[in-house]
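Here the structure comes first, spelled out in structure tokens, and everything after it is commentary.
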Amino acid sequence: MARKTNNGNVKSARKAKANSVASQSRPSLRKSPREARPGKPRGLSNRRAAEEAEIRALEARIRAECSGRVAATTSTANAGQGPALTGRLFRELPISERTLRGLEASKYVKMTEIQSGAIPLALSGRDILGEARTGSGKTLAFLVPAVEYLYRQNWSKMDGLGSVIVSPTRELAYQIFQVLTNVGQEHEISAGCIVGGRSLAEEQHAVANMSILVATPGRLLQHLDESPGFDASALLILVIDEADRILDFGFQETMHNILQHLPVQRQTLLFSATLHNSVHRLGRAALRSPEVISVHHNAKSRTPETLKQIYMVVPLEKKVDTLFSFLRSHSQKKTIVFVSTCKQVRFLYEAFRKLKPGPAVMELHGRQSLTKRMLIFQQFMERERAVALLCTDIAARGVDFPAVDWVVQADCPDTVDSYIHRVGRTARYESTGKSALFLLPSEKPFVDKLLQARVGVRAINAKQSKVVSIQQKLASVLAESGDIRHLAQRAFASYVRSVRLMKDKDIFDFQALPKAAFAESLGLADAPEIGAEGEGEDTEHNKLKKRKNQSALQRLKDKIREKKQAGKQAPKQDEDTEEELELDQPPSSKKKVGKWERRQRRIAAASKAGLEPAKEAATEEDFLELVEGQREGLESQAVLPIKKRLKIRKDGSAQASRQHVFFTGKNGAKASSELAQLADELRAEVSEKGESRASFLRRVQDDLATRDSSDAALSRSRIQKRHQTMRRKERAAKGVQDNEELDCESESPPPSPAPQQTEGSLEDSVPKRKAASSVSKIASLDLEDLEKKALSRLGGLFA
């Protein structure tokens, strides 16, 4: 295959940040001036010819030297001494000169055991399942074969994505990308690092031109699902680093979804520090007849001998004091402190910033933004001493921090593997290191598990004279700052909850925790609430975590499936009955239901719903029986039904009221109302006369007609009175205006017509008053007649 030109160069990507997608735009620095001149194609063709000859020679050497299995043996002399370097050199491998120059520039000369065992088989195209403890050089074991594979295929950015490296954490992905830029600085390939925390749109423009991608599982799956220009159909090699940690983070389903987007014909390299059953399941899904490379499997210890490991039994209420005193006595050391939860990291960081134990304090946890995490990661790597990094297990896998002196595990890890990965941050390669483990008295069985796993630790006690109590200082800090007090409460709750959710109940005893004493050690006055006992779920059973790791298509399928199941479970009897009624009716009878009918239906439904609770209450009361004395008292206190009482206004109209007036006699007996008494008298009068129902109705009709006529006369009198009042007011106003005009014209007394006019007005007012008095008399007479007629009508109705 003719080599295609590419303007990319990995060397400039070394200066890129961890959250950037690096694509190179400068020509290779190894080109001669003769080759760089335009119009001189002969030098370029000669260089291409030399590269093709080198590729043919490399393929011949690979077929000759790497066709058989290269055993990865461990010498007894170096057993347990960490990632000991072998006698084999990188120059002895069938790799290109460009890769060799990059390795020499990075000072990689000799290979470790996992590298000498995995690289030759990977160069020959075999699938690899590699197991090696942390710090053994697994990164170069898969980067060198990946770069060489693309080089031998004359790969360029025009060919698309050629290699994908999957890493569990952002920090490890950034570190792998840095090593890639160092090793491949002489190659003309484009490389990028994509992790969560950045804008997806910004990465979509550059990710389509990448030849090698280092990515976290979630962001890689997101690009495969949502980026239109991102095509992985031509992928040549897939690398899965720290496979056990990927599965521990709950990315098992995510990895299976990623594998569905990738071609079947590819080479896969899977590396892990431990080979659990879950790792083997992932290997069966991703690998094809893999070669298993297990280094240090039969070693005396699973940790390097250059690592000194100690543990001390510390009560929970003394843990913060012991940690503070430890950092104070090792103020000039470079230390990593592991705790269980992010909230503990936040509280310890803010508290130690105020109390100043000695070394500079940093924090690193999963709740930070990508930019802040990368900044702290870089700052801690640059510091050589007098610094302490408070972190969670996010920094326990694969991350290579140089020159770490101490690894302190303030909280007991959940498994032995987690312990091994934590202490693997120190004593890397041929350097030395120390680790300290704080255990509660109830967590001492964890030491037996470490010994069974070939991890040697020895017990040690802290000098009590060196331990400083900071409980009172913490209390004062919490009293001054409400934010730190809130962090202390959340740290307490998160730690207790993490202990309760641990699977190994033989080590983690939730009931044995001294919660009140632990809260006081954090500076709190009392122990905060931590929620229900059954709160929290494992990662495998956590639906939200599971949904987060699913692809968009899988989430859509689950949503449709849930809707279908909900539709099947819903009752359909009411719908079936309504459809039957509609089918029974002829088409002409189907009419739109009006507002009144809908209102009646609602009223009927409400009344029916109100009766059902009454029936249920009645059935419940069947099981209860009152005492005889209580039953009589309740009967005497029974509330009488509410009756309406008519209030007759002065104008003759009636007004209904729900209030009742009762008259009590001398003996205390309740008497009926006055209206009821009148009704009884009328009813008795009708019974004495022997009047029939027809005659009674006729009499009532006549009374009503009389009342109507009287009402009409009364209304006419009212209208007449209103008109008279209006005319009187108009005349009075007109007279005032005439008087004012006369006063303005002359100062002489008013003429004689004026008093005549006033006398006339007075005379007119006299008959008006008489008419008003006569009208009031007529109204009072009519009112009396109306009252009598109303009472007579009521008496007939009550009969």
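Brief remarks on what is shown
- Total residues in region 259-297, condition out of contact with any helix residue (DSSP H, G or I) (no Cβ under 9 Å at 6 or more places or on another chain), in contact (Cβ under 8 Å) with a residue 24 or more places away in the chain and farther than 23 Å from Leu140 by Cα: 1
- Identity of the residue in region 302-326, farther than 23 Å from Ile507 by Cα and touching a Gly at 6+ places or on another chain (Cβ under 7 Å), that ends up surrounded by the most Cβ atoms within 10 Å (Cβ to Cβ): Pro304
- Residue among Gly135, Gly197, Gly130, Gly125 that is at positive phi and surrounded by 24 or more Cβ atoms within 10 Å (Cβ to Cβ): Gly135
- Contact annotation: residue pairs with Cβ atoms under 9 Å, 6 or more positions apart or on different chains, pairing a residue in region 695-714 that is of a type in the set (Asp, Glu) with a partner that is surrounded by 15 or more Cβ atoms within 10 Å (Cβ to Cβ), are Asp703/Lys789; Asp703/Ala790; Asp703/Ser792; Asp703/Arg793; Asp711/Gly652; Asp711/Asp782; Asp711/Leu786.
- Of everything in region 80-98 that is in a loop (DSSP other than H, G, I, E, B) and over 20 Å from Gln153 (Cβ atoms), the residue that is modelled with the highest pLDDT is Ala84.
- Sole exception among (1) assigned to a helix (DSSP H, G or I); (2) touching a helix residue (DSSP H, G or I) at 6+ places or on another chain (Cβ under 6 Å) for His256, by number: (2)
- Of the strands (runs of 3 or more DSSP E) that lie entirely inside region 358-415, those containing 1 or more residues that are aromatic (Phe, Trp, Tyr) span 406-409.
- When region 99-128 is limited to residues that are hydroxyl-bearing (Ser, Thr, Tyr) and in a helix (DSSP H, G or I), the one that is nearest to Val179 (Cα to Cα) turns out to be Thr99.
- All positions within region 52-79 that are modelled with pLDDT of 85 or more, of a type in the set (A, V, I, L, M) and either surrounded by fewer than 13 Cβ atoms within 10 Å (Cβ to Cβ) or part of a loop (DSSP other than H, G, I, E, B) (or both): Ala53, Ala57, Ala60, Ala64
- Strands (runs of 3 or more DSSP E) lying entirely in region 260-314 (those with 3 or more residues that are of a type outside the set (A, V, I, L, M) and more than 18 Å from Gln452 (Cβ to Cβ)): 267-272
- In this structure, Arg42 does not qualify as farther than 16 Å from Val147 by Cβ, at pLDDT 65 or above, not in a loop (DSSP other than H, G, I, E, B) and not aliphatic (A, V, I, L, M).
- Among the residues of region 151-178, those identified as in contact with an Asp or Glu (Cβ under 9 Å, 6 or more places away or on another chain), closer than 23 Å to Gly125 by Cα and not basic (Lys, Arg) are Tyr151, Gln153, Asn154, Ser156, Gly160, Leu161, Ile165, Val166, Ser167, Ile176.
- Index of the failed condition, Ala234 passing every other in (1) more than 33 Å from the chain's Cα centre (by Cα); (2) under 30 Å from Met502 (Cβ atoms): (2)
The values are calculated or read from the model by the stated rules, or taken from the named source; none is laboratory data. Note that the structure is a prediction, hence the values are computed from the model and not measured. Glycine gets a Cβ as well: all are built from the backbone with ideal geometry, and neighbour counts include every protein chain shown.
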